[in-house]
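Read-outs throughout are calculated quantities, based only on the coordinates presented, and are distinct from any laboratory measurement. All values reported here derive from a predicted model rather than from experimental measurement. So basically every Cβ, Gly included, is an ideal-geometry build from the backbone, and we count neighbours across all protein chains shown.
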Amino acid sequence: LGATLFYLLTARVPFDGKTPAEKLLKHITEPPPNLLAFRPDAPPQLAAIIQSLMAKRPEDRPQTPAHVAATLTPFG
């Protein structure tokens, strides 16, 4: 969901590459890009939510859809 939201707000994928394997490797090894680098007009809180949604460790991501919905409510 974080990558989709990033794409919707920037019109670019968070991890690009020439091949699917290269993209996958970036997903695994690189930190997610900061939304504010591409959309400085975005609220910093939204950028933090996207970072959380794309966290590498599952325990660092929101644990329920209800939690995601609650954190995104102020932006809806």
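Observations on the structure shown:
- Residue of 46, 24, 36 that the Gaussian network model of the chain assigns the largest fluctuation, springs spanning Cα pairs under 10 Å: 24
- All lysines inside 21 Å of residue 56 as judged from Cα atoms, apart from same-chain residues fewer than 8 positions distant: 23, 26
- Prolate/oblate/rounded call for the chain, Cα gyration tensor, a/c under 1.5 rounded: oblate
- The chain, relative contact order [Cα under 8 Å, separation at least 6], %: 29
- C-alpha long axis of helix 20-29 to longest principal axis of the chain, angle in °: 60
- A DSSP coil position with no more than 14 other Cβ atoms inside 10 Å describes the following trypsin sites (Lys or Arg not before Pro) in the chain: 12, 18, 56.
- For the chain, a crude dipole built from +1 on the beta carbon of Lys and Arg and -1 on the beta carbon of Asp and Glu, taken about the Cα centre, is about 140 debye to the nearest 20.
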